[in-house]
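Engineer: Let me begin by handing over the structure; questions about it come next.
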Amino acid sequence: MTNPLFDLTGRTALVTGSSRGLGHAMAEGLAEAGARLIVNGRDEATLAEAAETLRRRGFDVTEAAFDVTDEAGVVAAFQSFDAAGIEVDICINNAGIQHRQPLLEFSLADWNRVISTNLTSAFLVGREAARRMVPRGRGKIVNIGSLMSQAARKTVTPYVVAKGGIKLLTQGMAAEWAADGLQINAIGPGYMLTEMNEALVANETFNAWVKGRTPAGRWGEPRELVGAAVFLSSSASDYVNGQILYVDGGMLGVL
Ligand code: GCO
C-alpha cells in the first residue's frame with residue numbers, strides 16, 4: 001500500500017538529459033509513480049530510443065529534443081508544450097556534463113561549457129517552467145546538484161562551481177517562488193555508476209578510493225535516486241523548500 005502523498009498520477013514531469021543515466025532512471029521512476037513524461041536530450045535519435053524503451057513499459061512519453069543551454073530553444077520548447085496543452089507540473093533539471101582537467105590548464109571555453117550546461121541551463125529551463133507554474137499557484141522544480149555542491153576535488157573545479165551554484169540557485173528559486181505555491185529543491189548524487197563516471201570506475205585507484213571513502217562501501221546505482229526524485233516531485237514534499245537531499249552513501253556525512 002503506497003501512501004497517496006507519493007502518487008504522481010495526473011502530473012506531467014519534464015526531465016532534462018533523460019536519454020540516459022541519472023535522468024533516464026529518474027524519468028522511469030516518476031512514470032512508475034504515475035507521472036506522464038516529457039523526456040529531453042539534444043540528440044533526437046538517442047532520445048527517440050530512450051522514449052521507446054519507456055513506452056514499451058506502457059508509460060505516456062512525449063519527446064522534446066532541445067539544447068538546455070540555448071535560451072531560444074528552451075523558450076520554443078515550452079511554447080510547444082503550451083500549444084499542445086501540456087502543463088509541466090514537475091521540472092527535473094538534470095542535464096549536465098563533466099570535464100576533468102587541472103584548473104591551470106582549463107580553457108575559458110571549457111569553463112563556459114561546463115557552467116552553461118550544468119548551471120545556466122537550470123536557470124533557463126526552471127525560469128520557463130516557473131513562468132507557467134507561478135500563475136497556476138503550484139509546481140515542483142528539482143535541480144540535480146552533486147555531492148560536489150558541498151565538497152571539491154581537484155581537476156573538476158568548474159563542475160564543483162556549477163554544482164555549488166545549483167545548491168544556491170535552488171535556494172534562490174525558493175526565495176522567489178515559494179510564496180506562489182512552488183517547491184524548489186535539489187538532489188545531490190554521490191558517486192553513481194553512470195557513463196559520465198566510467199573512466200573513474202575503470203581506474204583501480206579511484207574505484208578503491210570511492211569504495212573506501214563512501215561509508216556504504218560502494219558506488220550508487222542510478223535507480224537509487226528515484227526515491228528522492230519521487231519525494232521531491234510529490235505532495236509529500238509540499239512543505240519542503242530550498243533544500244538539497246544528498247544521496248551519496250554517506251560520503252558527505254562521515255569523515
Ligand atoms: C568526479 C565525478 C563527480 C560526480 C560524482 C558526484 O569526477 O569526481 O564525476 O563529479 O559527479 O558522481 O556527483
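Where a number appears in this text, it was derived from the coordinates with a stated rule and is not lab data. Bear in mind the structure is a predicted one, so any value in this text is a computation, not a measurement. Here the Cβ positions follow ideal geometry from the backbone for every residue, glycine too, while neighbour counts run over all protein chains shown.
Engineer: Less than 13 Å Cβ to Cβ from Ala51, Lys/Arg counted +1 and Asp/Glu -1: what total charge do the surrounding residues give? Let's see the in-between values first.
Structural biologist: Working: positive: Arg20, Arg36, Arg55, Arg56, Arg57; negative: Glu28, Asp43, Glu44, Glu49, Glu52, Asp60, Glu63.
So the environment of Ala51 carries a net charge of -2.
Engineer: A further question follows. Quick one: compute the contact order of the chain, relative version, from alpha carbon pairs under 8 angstrom and 6+ residues apart, as a percent. Intermediate values should be presented prior to the final figure.
Structural biologist: Details: 501 pairs, mean separation 51.8, N = 255.
Worked out over the chain, it gives 20 percent.
Engineer: Relative contact order of segment 1-75: what whole-number percent is it, with Cα pairs under 8 angstrom and at least 6 residues apart? Don't skip to the answer; put the middle values down first.
Structural biologist: Numbers: 122 pairs, mean separation 20.8, N = 75.
It comes to 28 percent, rounded to a whole number.
Engineer: Further, regarding this structure: May I ask for the angle, rounded to the nearest 10°, between helix 21-32 and the longest principal axis of the chain, with both axes built from Cα atoms and the value confined to 0 to 90°?
Structural biologist: For helix 21-32, the angle is close to 40 degrees.
Engineer: If you don't mind, another one. Neighbouring Cβ atoms within 10 Å as the yardstick, rank Met192, Met173 fewest first. It would help to have the intermediate numbers written out before the result.
Structural biologist: Details: Met192 22, Met173 26.
Placing the least packed residue first, the sequence is Met192, Met173.
Engineer: Restricting to DSSP H runs of at least four residues, report the calculated mean residue ellipticity at 222 nm for the chain, -39500 (n - 2.57) per run over all residues, nearest 500 deg cm²/dmol.
Structural biologist: Working: 9 runs with 105 residues, N = 255.
The per-residue figure over the chain is -12500 deg cm²/dmol.
Engineer: Now, a different point. Taking the Cβ of each residue in Lys140, Lys163, Lys211 as the centre, tally the other Cβ atoms inside 10 Å and list the residues starting with the fewest.
Structural biologist: Numbers: Lys140 25, Lys163 28, Lys211 14.
Fewest-to-most ranking of Lys140, Lys163, Lys211: Lys211, Lys140, Lys163.
Engineer: Pulled fully out, how much extra length does the chain show between Trp209 and Glu52, if you take 0.36 nm times their separation in residues and subtract their Cα-Cα distance? Kindly include the intermediate steps, with their values, before the conclusion.
Structural biologist: Working: separation 157, 0.36 × 157 = 56.52 nm, distance 3.72 nm.
Full extension from Trp209 to Glu52 adds 52.8 nm.
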